[in-house]
Amino acid sequence: MFEYTEKIREIVKRLLQDRVVDGVIGFRKGTVPMMNHPFFMKHIEQVPQLYWDSWCGVNLANYLPKRQDKVAVVAKGCDSRSIVVLIAENQITRDQLYIIGIPCKGMLDRRKIYDTVRTRGRDITDVMERDGLIVVTGKDFSLGLDRNQYLQENCAICLHRNPVIYDELVGEMVPEQEIDRYEDIRAIESMSSEKRWEYFSKLTEPCIRCYACRNACPFCYCPQCFVDESKPQWVGKTIDPTDTLTFHLLRAFHLAGRCTDCGSCERACPVGIRVRMFTKKLEKDVKELYGYEAGVQLGERPPLDTYRPEDPQDFIK
Amino acid sequence: MAQWEPKIIALLCNWCSYGAADLAGVSRLKQPPNIRIIRVPCSGRVNPKFILASLRKGADGVWVSGCHPGDCHYIEGNYYARRKFALLKDFLEYVGIEPERVHFSWISSAEATKFAKVAEEVVDAVRKVGPARYLVKREVEVE
């Protein structure tokens, strides 16, 4: 991944020198292992701080809606799809963006690493990566872990690892996976309604309504979110199970046909709820009913913003 | 306690289904008394929030009805609604809400008999699954 860092720095340096962009949104190495932060920069002196490795999961498209300036943005496959959706929704124009595309081999899940390492009561001080191996080091130990076992869940089933739009790539395109994305969704669909209700009640039970999932999402840019509305108040603000589930249902529904499964919501969740189980179901339905995949084609209208006279309607009396 | 009767919220489009309900009444067609009608300007006006809110507040079923495709007063409102509802209905079933609770129909203002018939069907379906169990917000009792 070090080559990517070098290449990003090189591109950004050139862009700033030639004044192609006003600013750059990228990543900087985090202060704790496995947590890189989004980095906003305008000056060439800051270029050496730019960084890239497998812990850059944050979706930088989140910082694009309603921007006025011209920015360069570092984008993985899922981020680039989010950008396509934001362009379709008139949140930003293509001319305002210089997209530095990252062919992505999947981001890693820090929680899985912690689970493996911390069970033996050890703290991690540094994590390195080489040749498909993650090397985790701490006081008195060093551990090599197989990269493929520690991918984020959404990355393990990703079908668009390469950016769909970009101005420049930092490396060779990576091969796309062929994989069944909806295995877990189908498993739930085959359960009885009681079982499904039980499953989702249990799933959302630990939710503390912090709205981190909403804030991390590049598509949750409404000036007033439905959870903040008070007259009328559609969703209760308590952590009553009904209120919590209503929030998750509506949040997911607002992402129908827009979600690119970047996994930001799940990564942001402080209590580890698998909120993608909601959005992925809608993603599957949109694909099956309307043959649409979010953010794959520039210029395509979002599925809920258009219709075909012959759309399926067997459920309507 | 008296025998349980289902409570059903019907969101009817002003131009078609509400007219049909009116005509059904004027024509003295027999229909179940379990339906509470809310008039909306178009089925496209129906936000998924309304359906969830009805269930949260204790409705045993929700029924949304609008104009036939192609007959929308606003030309295409019901086409958008159709996509929204297709996703919503499937999604609610996915989280465990019984499919018998949420209904959709196209009824024009001349179809009073269809209105009475569908009303009957909706009430029967909801009656079969019994009182709402899921997604009802229970008030906490404070002494």
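The values are calculated or read from the model by the stated rules, or taken from the named source; none is laboratory data. What you see is a predicted model, and the numbers here were worked out from it, not measured in a lab. Methodologically, a virtual Cβ is constructed for each residue, glycine included, from the backbone with ideal geometry; neighbour enumeration extends over all protein chains shown.
Identify the single condition in (1) more than 9 Å from chain B (Cβ to nearest Cβ); (2) under 16 Å from B:L88 (Cβ atoms); (3) touching a residue at least 40 places away in the same chain (Cβ under 8 Å); (4) basic (K, R) that A:R251 does not satisfy, given that it satisfies every other one.
Tallying (1) more than 9 Å from chain B (Cβ to nearest Cβ); (2) under 16 Å from B:L88 (Cβ atoms); (3) touching a residue at least 40 places away in the same chain (Cβ under 8 Å); (4) basic (K, R), A:R251 fails exactly one: (3).
Return the only residue of A:E288, A:E266, A:E310 being among the acidic types (D, E), out of contact with any Pro (no Cβ under 6 Å at 6 or more places or on another chain) and in contact (Cβ under 8 Å) with a residue 40 or more places away in the chain.
Of A:E288, A:E266, A:E310, the one residue that is among the acidic types (D, E), out of contact with any Pro (no Cβ under 6 Å at 6 or more places or on another chain) and in contact (Cβ under 8 Å) with a residue 40 or more places away in the chain is A:E266.
Condition (residue is of a type in the set (D, E, K, R) and either closer than 29 Å to A:Q297 by Cβ or crowded, with 18+ Cβ neighbours inside 10 Å (or both)) applied to the range A:40-48: is it met by at least one residue? Quick ask: steps written out before the conclusion?
Narrowing the range A:40-48 to residues of a type in the set (D, E, K, R): A:42, A:45.
Checking which are either closer than 29 Å to A:Q297 by Cβ or crowded, with 18+ Cβ neighbours inside 10 Å (or both) leaves us with none.
Taking every residue of the range A:40-48 in turn, none turns out to be of a type in the set (D, E, K, R) and either closer than 29 Å to A:Q297 by Cβ or crowded, with 18+ Cβ neighbours inside 10 Å (or both).
Restricting the range B:38-63 to residues that are out of contact with any helix residue (DSSP H, G or I) (no Cβ under 6 Å at 6 or more places or on another chain) and assigned to a strand (DSSP E or B), which is surrounded by the fewest Cβ atoms within 10 Å (Cβ to Cβ)?
That would be B:I38.
Listed here are the residues, each with its yes/no results for (1) closer than 24 Å to A:E3 by Cβ; (2) touching a helix residue (DSSP H, G or I) at 6+ places or on another chain (Cβ under 9 Å).
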position	(1), (2)
A:I102	yes, yes
A:K105	yes, yes
A:R118	no, no
A:G138	no, yes
A:G144	yes, no
A:L151	yes, yes
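Return the residues of the range A:80-108 that are among the charged types (D, E, K, R) and touching a residue at least 60 places away in the same chain (Cβ under 8 Å); say none if nothing qualifies.
Taking the range A:80-108 as the starting set, the residues that turn out to be among the charged types (D, E, K, R) are A:81, A:89, A:94-95, A:105.
A:R81, A:E89, A:R94, A:K105 - these are the residues of the range A:80-108 that are among the charged types (D, E, K, R) and touching a residue at least 60 places away in the same chain (Cβ under 8 Å).
Only one residue in B:V62, B:V95, B:V118, B:V126 is within 7 Å of another protein chain (Cβ to nearest Cβ) and in contact with a strand residue (DSSP E or B) (Cβ under 6 Å, 6 or more places away or on another chain). Which one?
Details: B:V62 fails: within 7 Å of another protein chain (Cβ to nearest Cβ); B:V95 fails: in contact with a strand residue (DSSP E or B) (Cβ under 6 Å, 6 or more places away or on another chain); B:V126 fails: within 7 Å of another protein chain (Cβ to nearest Cβ).
B:V118 is the lone residue from the list that is within 7 Å of another protein chain (Cβ to nearest Cβ) and in contact with a strand residue (DSSP E or B) (Cβ under 6 Å, 6 or more places away or on another chain).
Could you list, in sequence order, the residues of the range B:79-91 that are facing chain A (nearest Cβ under 8 Å) and within 15 Å of the chain's Cα centre (by Cα)? Quick ask: steps written out before the conclusion?
Filtering the range B:79-91 for residues facing chain A (nearest Cβ under 8 Å) gives B:79-80, B:82-91.
B:R82, B:K84, B:F85, B:A86, B:L88, B:K89 - these are the residues of the range B:79-91 that are facing chain A (nearest Cβ under 8 Å) and within 15 Å of the chain's Cα centre (by Cα).
Checking the structure you have, find out if any residue of the range A:56-75 is charged (D, E, K, R) and under 22 Å from the mean Cα position of the chain (by Cα). Explain how you work it out, then say what you get.
First, the residues of the range A:56-75 that are charged (D, E, K, R): A:66-67, A:69-70.
So of that shortlist, the ones also under 22 Å from the mean Cα position of the chain (by Cα) come out as A:66-67.
So far as the range A:56-75 goes, yes, one or more of its residues are charged (D, E, K, R) and under 22 Å from the mean Cα position of the chain (by Cα).
For the structure I just gave you, tell me whether B:S105 is in contact with a helix residue (DSSP H, G or I) (Cβ under 9 Å, 6 or more places away or on another chain), over 30 Å from A:V227 (Cβ atoms), more than 13 Å from chain A (Cβ to nearest Cβ) and not in a helix (DSSP H, G or I). Before you say what the answer is, go through the steps one by one.
Working: in contact with a helix residue (DSSP H, G or I) (Cβ under 9 Å, 6 or more places away or on another chain): yes; over 30 Å from A:V227 (Cβ atoms): yes; more than 13 Å from chain A (Cβ to nearest Cβ): no; not in a helix (DSSP H, G or I): yes.
So B:S105 fails the test.
Take the residues in the range B:99-109 that are surrounded by fewer than 22 Cβ atoms within 10 Å (Cβ to Cβ) and more than 14 Å from B:G25 (Cβ to Cβ); name whichever of them is modelled with the highest pLDDT.
B:S108
Give the residue, chosen from B:A132, B:A125, B:A86, that is buried (at least 18 other Cβ atoms within 10 Å of the Cβ), of a type in the set (G, A, S) and in a loop (DSSP other than H, G, I, E, B).
Only one candidate qualifies: B:A132.
Residues to consider are B:A59, B:A81; find the one that is farther than 20 Å from A:R251 by Cα and of a type outside the set (D, E, K, R).
Numbers: B:A81 fails: farther than 20 Å from A:R251 by Cα.
Exactly one residue qualifies, and that residue is B:A59.
Check A:L145 against each of (1) touching an Asp or Glu at 6+ places or on another chain (Cβ under 8 Å); (2) touching a residue at least 24 places away in the same chain (Cβ under 8 Å); (3) part of a strand (DSSP E or B) and name the one condition it does not meet.
For A:L145, the failing item is (1).
Can you name every residue in the range A:174-203 that is under 21 Å from the mean Cα position of the chain (by Cα), part of a loop (DSSP other than H, G, I, E, B) and loosely packed, with under 12 Cβ neighbours inside 10 Å? Explain how you work it out, then say what you get.
Taking the range A:174-203 as the starting set, the residues that turn out to be under 21 Å from the mean Cα position of the chain (by Cα) are A:174-185, A:203.
When the remaining residues are screened for being part of a loop (DSSP other than H, G, I, E, B), the result is A:174-182.
Listed by number, the residues that qualify are A:P175, A:E178, A:I179, A:D180.
Within the range A:174-233, restricting attention to residues that are touching a helix residue (DSSP H, G or I) at 6+ places or on another chain (Cβ under 7 Å) and basic (K, R), which residue is nearest to the other protein chains (Cβ to nearest Cβ)?
Checked the range A:174-233; the qualifying residue nearest to the other protein chains (Cβ to nearest Cβ) is A:R196.
For the range A:281-291, which residues satisfy the criterion of being more than 10 Å from chain B (Cβ to nearest Cβ) and either over 20 Å from A:Y221 (Cα atoms) or within 12 Å of the chain's Cα centre (by Cα) (or both)?
Going through the range A:281-291, the residues more than 10 Å from chain B (Cβ to nearest Cβ) turn out to be A:283, A:287, A:291.
If the condition is that a residue be more than 10 Å from chain B (Cβ to nearest Cβ) and either over 20 Å from A:Y221 (Cα atoms) or within 12 Å of the chain's Cα centre (by Cα) (or both), then A:K287, A:G291 are the ones that fit.
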